[in-house]
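What follows is a single structure, written as structure tokens, with notes after it.
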Amino acid sequence: MQNTKSWIEKIGKTIDAKDSRGFSKFITEKGSFRFGNQPEVTGRKAIEEYVSAFFGMIGSSVHEIVNHWDNKDHIVWEGKVTYTRLDGRTVPVNFTNIFYMKGDLIEKYNIYIDNTPLFAE
């Protein structure tokens, strides 16, 4: 795999572009994805649809890398995302992603985040 930080930056830019299809291509065909305390979604197409629906609930996002670790089997991304809500208000949220890798693709993608402020009135 290329430089881990560059790879994470690509994921972040794909998300920030609201490119659900591009996002799903980081994950294996039968991979799984879990966003916060939501149920796990399995399969690349289902993940693409799930992420696309989420993108429709936000105006935009900007992801940052605070830190990252890579032992080749697992990659951890500690980050900050600044969401722009549909009403134009910005909301910064901290998160940690854990990627269980299978070669150069993600087999299991878990996002640990409390995005309650994103949807609070």
Item checked: trypsin sites (Lys or Arg not before Pro) restricted to DSSP loop in segment 68-107 with at most 13 other C-beta within 10 Å -> Lys72, Arg89
Check: Of the cross-linked pairs Lys45/Lys80; Lys5/Lys45; Lys13/Lys102; Lys30/Lys108, which ones have a Cα-Cα span greater than 19 Å in the structure shown?
Finding: Lys45/Lys80; Lys5/Lys45; Lys13/Lys102
Checklist line | Tail beyond 17 Å, pair distance distribution of segment 4-119 (Cα, percent) | finding: 53 percent
Margin query: How tilted is helix 44-55 with respect to the longest principal axis of the chain? Cα atoms for both, answer in degrees (0 to 90, nearest 10).
Written below: 20 degrees
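None of the figures in this text is laboratory data; all of them are computed from the coordinates on show. Keep in mind that this is a model prediction, so the values were computed, not measured. Please note: Cβ atoms are built from the backbone with ideal geometry, for glycine as well, and neighbour counts cover all protein chains shown.
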